[in-house]
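FYI, it's all coordinate maths here, none of it is from the lab. Please read these numbers as outputs of a predicted model, since none were measured by experiment. Cβ sites come from the backbone with ideal geometry, for glycine too, and all protein chains shown count toward neighbours.
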Amino acid sequence: MAENLSKIYYTFMSSPVGNFLVAGSDGVLWRTAFGESEQFLVEDEWVEDAGALGYAVEQLEAYFAGELRVFDIPLAMRGSEFQVSVWEALMDVGYGVTASYGDIAHVLGKPGASRAVGGANHANHLPIIVPCHRIIGADGSMTGFGGGMENKRILLELEGILVPSEQLDLF
């Protein structure tokens, strides 16, 4: 984790999930966000500079092209101790694999915390890199996603996870 970095840079990149925000500094990623999400905002003091974010954009492009399965980007995870523990657990859910909120709660040793895990997922400020899109309902159903359900479907299918056709009505 990184804190107190001097300058935050941002850029927008095109992707299969639409316009995507990437923000970071000094080789550390601070935020990614889908165009439809509430986190798709740029702070006043940030500086637009795609070149400064090449380290992240390059890996995201490789991911979208199906060439990268594991990101190797230093992250600034800013949240409560519980949120950070959830996000770290999410990063252990591998490419092409899904887990439920309950699965993550069990991994954290808090089997009754499924709803809190859902709240931490919603607060994730580094989607895709911290793969909250891989988290589904205990019954295997698609569940809410800050980047939009259609984008969740796109990401899961990009990773080879087919969404059951009866769930397509949710989109």
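P(r) for the stretch 57-114, please, calculated from all Cα pair distances in 10 Å bins and given in %.
Distribution as computed: 20, 42, 31, 7 percent.
If exposed means no more than 12 neighbouring beta carbons inside 10 Å and the site is in a DSSP loop, what's the longest run of the chain without any exposed GluC sites (Glu not before Pro)? Before the final figure, lay out the partial values.
Working: sites that count: Glu3, Glu38, Glu43, Glu45, Glu67.
Answer - 68-171.
Among Asn151, Asn124, Asn19, which one moves the most in a GNM of the chain with springs linking Cα atoms closer than 10 Å?
Asn19
So for the chain: antiparallel DSSP bridges make up what percent, rounded to the nearest 5?
For the chain, the DSSP antiparallel bridge percentage is about 65.
Top mean-square fluctuation among Asp139, Asp92, Asp72, Gaussian network model of the chain, C-alpha springs under 10 Å?
Asp139
With each label point set 7 Å from Cα along the Cα-Cβ vector, what nm distance links Glu88 and Met149?
3.4
In percent, what relative contact order does the chain have, based on Cα pairs under 8 Å that are 6 or more apart in sequence?
Details: 256 pairs, mean separation 35.8, N = 171.
Dividing the mean separation by the residue count of the chain yields 21 percent.
Using 0.36 nm per residue of separation minus the Cα-Cα distance, give me the extension gain between Glu58 and Glu81 in nm, one decimal. If you can, show how the numbers build up before the last one.
Numbers: separation 23, 0.36 × 23 = 8.28 nm, distance 2.97 nm.
Separation in residues times 0.36 nm, less the Cα-Cα distance, equals 5.3 nm.
Can you work out the FRET efficiency for the pair Asp44 and Ile73, with r the C-beta to C-beta distance and R0 = 22 Å, to the nearest 0.05?
Approximately 0.35, to the nearest 0.05.
Go through (1) 51; (2) 78; (3) 22 and flag the label whose value is the computed percent of Cα pairs over 27 Å apart for this structure.
(3)
With a sphere of radius 15 Å drawn around the Cβ of Thr98, what net charge do the other residues whose Cβ falls strictly inside it have (Lys, Arg +1; Asp, Glu -1)?
-1
Helix-only estimate, please: 222 nm mean residue ellipticity of the chain, summing -39500 (n - 2.57) across DSSP H runs of length 4 or more and dividing by its residues, to the nearest 500.
-8000 deg cm²/dmol
With springs connecting C-alpha atoms under 10 Å apart, model the chain as a Gaussian network and identify which of Arg115, Arg134, Arg31 has the largest mean-square fluctuation.
In the Gaussian network model the winner is Arg115.
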